[in-house]
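Structure first, commentary second.
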Amino acid sequence: MKLSLVGLENEHGAFKQFDVLTPAPKLIAPDGTEVLAKAPLHVTGTVTNTGPCYHVSGEIEAKLSLVCARCLERYLLKLKVPLIEDYAKSGSSDEQEDWRSFQGDEIELDGAIEEELYLNLPLRGLCDKNCQGLCPICGTNRNREQCNCKEERVDPRLAVLSKLLDNAPGGGGKDGTT
Ligand SMILES: [Zn+2]
Ligand SMILES: [Zn+2]
């Protein structure tokens, strides 16, 4: 999304408000799954000519669909993240390291928007803090149904192993005798 600076150029302190709906960028969540946008991004704020740079102060509202780290179902994440950036004209002597640059008479905000959203994605997001996750044995989503494979099933390999340990000479036994 682009912000026009027309009308702000020659006046320090001049500012403009913006309120824009723009398509969400394609994002990959930290777990490698695709982030789906459930609505266009709502970007609001002001851009001010401070003299050496244009200061953008605003907010991004996003409705994103992410995959729950426990049950692997998609869930809706509503994000509101600040968008605070400084832009200096490309090649200007005032340019500072943490400023972004622009050319012509408009600022391209997409790069900053994508970064802010990405930084605010959860590392291990959950559909609900009480999500019960999947049964490790049968894969049933425990938020929806109860399965019967709780304690009954013991991995047969583990059963053999524990038997071997029980019978091992030299103190491996449960009661400590040999
Ligand atoms: Zn979940
Ligand atoms: Zn199960």
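For (1) in the same structural domain as residue 110 (by TED's automatic domain parsing); (2) of a type in the set (A, V, I, L, M, F, W, C); (3) closer than 30 Å to residue 124 by Cα, each residue gets a yes or a no:
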site: 7; (1), (2), (3): yes, no, no
site: 12; (1), (2), (3): yes, no, no
site: 25; (1), (2), (3): yes, no, yes
site: 28; (1), (2), (3): yes, yes, yes
site: 36; (1), (2), (3): yes, yes, yes
site: 40; (1), (2), (3): yes, no, yes
*Tally time: how many residues in region 126-142 are loosely packed, with under 14 Cβ neighbours inside 10 Å and closer than 15 Å to residue 68 by Cβ?*
4
*Quick one: residue 118 ticks every box in (1) in a loop (DSSP other than H, G, I, E, B); (2) open to solvent by 100 Å² or more (accessible area, probe 1.4 Å) except a single one, so which number is it?*
(1)
*asked:* Please verify whether residue 68 is within 16 Å of ligand 1 (Cβ to nearest atom) and open to solvent by less than 60 Å² (accessible area, probe 1.4 Å), treating the condition exactly as stated.
replied: yes
*Would you check if there is a residue in region 126-133 being assigned to a strand (DSSP E or B), within 30 Å of residue 78 (Cα to Cα) and modelled with pLDDT of 70 or more?*
no
*Which numbered condition residue 80 misses (of (1) of a type outside the set (A, V, I, L, M, F, W, C); (2) over 16 Å from the mean Cα position of the chain (by Cα); (3) open to solvent by 90 Å² or more (accessible area, probe 1.4 Å))*: (2)
*Subset of region 23-45 that is within 15 Å of residue 79 (Cβ to Cβ) and free of Cβ contacts under 8 Å to residues at least 24 places away in the same chain - its residue that is most open to solvent (accessible area, probe 1.4 Å)*: 40
_Please go through region 72-107 and give me each residue that is small (Gly, Ala, Ser) and under 25 Å from residue 38 (Cβ atoms), ordered by number._
none
*Of the residues that sit in region 88-126 and are under 17 Å from residue 48 (Cα atoms) and of a type in the set (A, V, I, L, M), which one is farthest from the chain's Cα centre (by Cα)?*
88
*With the condition kept exactly as written, say whether any residue in region 74-81 is aromatic (Phe, Trp, Tyr) and either at pLDDT below 95 or part of a helix (DSSP H, G or I) (or both).*
no
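The values are calculated or read from the model by the stated rules, or taken from the named source; none is laboratory data. Remember, predicted model here, so these are calculated numbers, not experimental data. Methodologically, a virtual Cβ is constructed for each residue, glycine included, from the backbone with ideal geometry; neighbour enumeration extends over all protein chains shown. Side chains are part of the model used for accessible areas, which takes the heavy atoms of the whole protein and leaves out ligands, DNA and RNA. Shrake-Rupley method; radii C 1.70, N 1.55, O 1.52, S 1.80 Å.
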